[in-house]
Amino acid sequence: MAGARMRPAYPLWVTGPCAIFVAVLVPVYWHHHGPANFLWFSDIALFAVLISLWTGDRLLPSMMAVGVLPFEILWMVDFATAGQLMGITGYMFDPALPLFLRALSLFHVAIPPLLIWMLVRQGYDRRAVWAQTLLAWVVLPASWLLASPQDNINGVYGPFDEPQTLLPPLVYLAGYMAILPLAVHLPMHALLRRLLPGPVS
């Protein structure tokens, strides 16, 4: 019985490589970027996917689909243009960064199909919109407090690479926290609820 409980909820051919990848990524990112880097929503999505692959939890992938999937798709589109469209993946083409470090960021490409596969397989949990909003309201202030403006983790200092200067920093952060659920979470919730109906619990 103990062995059965240790088996992942999803096939080992996907759960195993994901676990190995995270085990490699965490110490490398910690060394090169520091612990605050794990506050990125994309990194949180990676950890959420791994947890869900092992446990079969439906809420976590639903939350990541509501709050992170749109940004991961934008990352992929920008990457396809070599970072020329929006500039968010420009670092992937910077020869000054180690190739191995840049290659680890390719997990952004895997997150969208994994999330969609998990949602199709398990259904969409409608609690996700509120849970993801609460998570964002914790992660965004933490990103502001624990990371530098130059890192601009999750865009808490400005919508692009450089910190914005039009508004006081805390006013911008508060506005961002208010707008994100309205502009991203609720529309994604409505879309996923329509496309992928699923039980609440």
Unique residue being free of Cβ contacts under 8 Å to residues at least 60 places away in the same chain, of a type outside the set (S, T, N, Q) and surrounded by 15 or more Cβ atoms within 10 Å (Cβ to Cβ) when the list is TRP75, TRP40, TRP13, TRP30: TRP75
Lone unmet requirement of (1) modelled with pLDDT of 95 or more; (2) surrounded by 14 or more Cβ atoms within 10 Å (Cβ to Cβ) for GLY90: (1)
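Of all residues in region 51-87, which are on the phi > 0 side of the Ramachandran plot and either at pLDDT 95 or above or of a type in the set (A, V, I, L, M, F, W, C) (or both)? Reasoning before the result, please.
From region 51-87, those on the phi > 0 side of the Ramachandran plot are 56, 82-83, 87; that's our starting set.
If the condition is that a residue be on the phi > 0 side of the Ramachandran plot and either at pLDDT 95 or above or of a type in the set (A, V, I, L, M, F, W, C) (or both), then ALA82 is the only one that fits.
Please pick out the residue among PRO187, PRO149, PRO141, PRO181 that is more than 19 Å from MET63 (Cα to Cα) and either in contact with a helix residue (DSSP H, G or I) (Cβ under 7 Å, 6 or more places away or on another chain) or not charged (D, E, K, R) (or both).
Working: PRO187 fails: more than 19 Å from MET63 (Cα to Cα); PRO141 fails: more than 19 Å from MET63 (Cα to Cα); PRO181 fails: more than 19 Å from MET63 (Cα to Cα).
Residue meeting the stated conditions: PRO149.
Going by the structure shown, is PHE21 over 28 Å from VAL184 (Cα atoms), over 14 Å from the mean Cα position of the chain (by Cα) and surrounded by 13 or more Cβ atoms within 10 Å (Cβ to Cβ)?
yes
Residues that are among the β-branched types (Val, Ile, Thr), at least 3 per element: which helices (runs of 4 or more DSSP H) completely within region 31-118 meet that? Give the steps one after another, and end with the answer.
Details: elements: 41-55, 59-67, 69-80, 99-104.
Because the criterion is at least 3 residues that are among the β-branched types (Val, Ile, Thr), the helices (runs of 4 or more DSSP H) in region 31-118 that meet it are 41-55.
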Scope region 134-159; condition among the polar types (S, T, N, Q), within 14 Å of TYR176 (Cβ to Cβ) and assigned to a loop (DSSP other than H, G, I, E, B); matching residues: ASN152
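What's the total number of residues in region 86-117 that are hydrophobic (A, V, I, L, M, F, W, C) and over 15 Å from the mean Cα position of the chain (by Cα)?
Filtering region 86-117 down to residues hydrophobic (A, V, I, L, M, F, W, C) leaves 86, 88, 92-93, 96-97, 99-101, 103-104, 106-107, 109-111, 114-117.
Now drop any that are not over 15 Å from the mean Cα position of the chain (by Cα), which leaves 86, 92-93, 96-97, 99-101, 103, 117.
Within region 86-117, residues that are hydrophobic (A, V, I, L, M, F, W, C) and over 15 Å from the mean Cα position of the chain (by Cα) number 10.
The values are calculated or read from the model by the stated rules, or taken from the named source; none is laboratory data. Worth saying up front: this structure is predicted, and the values here are computed from it rather than measured. Using ideal geometry, Cβ is built from the backbone for each residue, glycine included, and neighbour counts are taken over all protein chains shown.
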